[in-house]
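Comments concern the structure below.
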Number of protein chains: 2
Amino acid sequence: MEIHLHHEEHLQSSDFLRDVVIGMSDGLTVPFALAAGLSGAVHSTSIIIIAGIAEIAAGSIAMGLGGYLAGKTEQDHYNSELRREYYEVENLRHREIEETREFFAGIGLSKELQEKATEEIARDKDKWVQFMMKHELGLDEPDPKRATKSAFNIGASYVVGGLVPLSPYFFLHKPLSALEVSVGVTLLCLFVFGWFKSRLTGINPWAGALRVMLIGAFAAAAAFGVAKIFES
Amino acid sequence: MEIHLHHEEHLQSSDFLRDVVIGMSDGLTVPFALAAGLSGAVHSTSIIIIAGIAEIAAGSIAMGLGGYLAGKTEQDHYNSELRREYYEVENLRHREIEETREFFAGIGLSKELQEKATEEIARDKDKWVQFMMKHELGLDEPDPKRATKSAFNIGASYVVGGLVPLSPYFFLHKPLSALEVSVGVTLLCLFVFGWFKSRLTGINPWAGALRVMLIGAFAAAAAFGVAKIFES
């Protein structure tokens, strides 16, 4: 999911934190809900552990590679738009001039300044293309290593998040006893995680923490109920 | 995951399509990989169906509510930045003037035009704030109903996607036979889905289709392998 950081807080680390948030959000929630669902429907923890581990493997790879693909797609998209803008600046100059003028009209400049500003911008081709990329299309140049880093960070965060709700099943042998510990530990982690995530996105941390925790609880309860229905 | 659409294709439907892509991507992949993983480790399809249904319930709720939360967060963030910009325009006018001038310097205007353009923009407070929101902070005004619609679209797409790999297990009673059908049907769906998704994002549809299909295959193979190891 997308997260917007205020420009002043937009440090180098924000991409990393966004990846951790993406991976851990689902990592804490989905394996938790799956284990909860199975706890109501099966009588052995070993099947829950196998299903949980399979889900963590599947989820971390799917999300990690999904992050890689999203990064690559962003890069491909940026490059293809960049080529298109260079082409248009060279071959459809009057149309680009018109688009640039419209941009300045849109932000509220007078006719006279629209013309002058457009004329100045159009003097340097590279600067002009950079300007169109950023302000007409709203595209920032992506970091070329981003896709690979993103894949790893998301995948690893999913694994870390997913092992939290599953861990009690390794030590306790009754599914419902393990579920009790799992609920306690996971809701606590979701609350703490939600608190930090909300601080990062600039919303009220206590309300955010509660919302994240309730989503996890609701998903787990639904999975428990649905599995119960299908068991009988 | 984020998807960028070219501005000309940025129709009203693009938010809907983006939600469907988010939900169906994971819906086709994670329940598929989970079912594949369990097929190597258990001897009854009923446990796979229960686990699969629990995962679909958990995943669709977690992703749907996650989408709701992301939409709400975007809205909250936009509103808080809007209030901040109005405050700054009224109380820290010289700083905002300086930031506006810097914007025009950054896109390559001459000193003279920087001053004139800033002066014109600063005349209308509302337009000025809109300008700062969009071009200094890069924030677009979010649709207020977006969060709710998004939650529903993502959740429903996840369910639809997740039922594809699971359906063979309802009809075939040997896990490994059901897995064979599931692999065939799901990889085909992932290929078709990847093709449309790539067209939407403007990358080569055949390469994109192959990438999406391979991610699914890889996640399923990994889940199968990991579950096999934990079974023994």
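Computed from the coordinates by the stated procedures, all read-outs in this text should not be read as laboratory data. Bear in mind that the values here come from a model prediction, so they are computed numbers and not experimental data. Virtual Cβ from ideal backbone geometry, glycine too; neighbours counted across all protein chains shown.
Peptide B:195-207 is shielded by partner chain Cβ atoms: per residue, an average of 2 of them sit within 10 Å of its Cβ.
Against the main long axis of the alpha-carbon atoms of chain B, helix B:45-91 sits at an angle near 0°. Each eigenvalue of the Cα gyration tensor of the range A:97-179, multiplied by 5 and square-rooted, gives one semi-axis; in descending order these are 57, 16, 6 Å. The mean count of C-beta atoms from other chains within 10 Å of the C-beta of residues in B:185-191, rounded to a whole number, is 0.
Between A:Ala105 and B:Trp206, how high is the FRET efficiency from 1/(1 + (r/R0)^6) when r is the Cβ-Cβ distance and R₀ = 41 Å? Nearest 0.05. Plugging the Cβ-Cβ distance into 1/(1 + (r/R0)^6) gives 0.50. Residue exposure proxy: B:Asp19, A:Asp126, ordered by other Cβ atoms within 10 angstrom of their Cβ from fewest to most, comes out as A:Asp126, B:Asp19.
Counting every other Cβ atom within 10 Å of each residue's Cβ, B:Lys174, B:Lys145 order from fewest to most as B:Lys145, B:Lys174. Here A:Ser60, A:Ser46 are placed in order of increasing Cβ neighbour count within 10 Å, fewest first, which gives A:Ser46, A:Ser60. Excluding B:Leu166 itself, calculate the net charge of residues whose Cβ lies under 15 Å from the Cβ of B:Leu166, where each Lys or Arg counts +1 and each Asp or Glu counts -1. Counting the neighbours of B:Leu166, the net charge comes to -4. Principal-axis analysis of the Cα atoms of chain A puts helix A:14-39 at an angle of about 30° to the longest axis. Averaging 1/r over each pair of different alpha-carbon atoms in the range B:118-158 and inverting the result gives 12.5 Å, the Kirkwood hydrodynamic radius.
In chain B, the longest principal axis of the Cα atoms and the axis of helix B:111-121 are about 80 degrees apart. With a ≥ b ≥ c the root eigenvalues of the C-alpha gyration tensor of the range A:2-231, is it rounded (a/c under 1.5), prolate (a/b larger than b/c) or oblate? Prolate is the answer for the range A:2-231, as a/c is 1.5 or above and a/b outweighs b/c.
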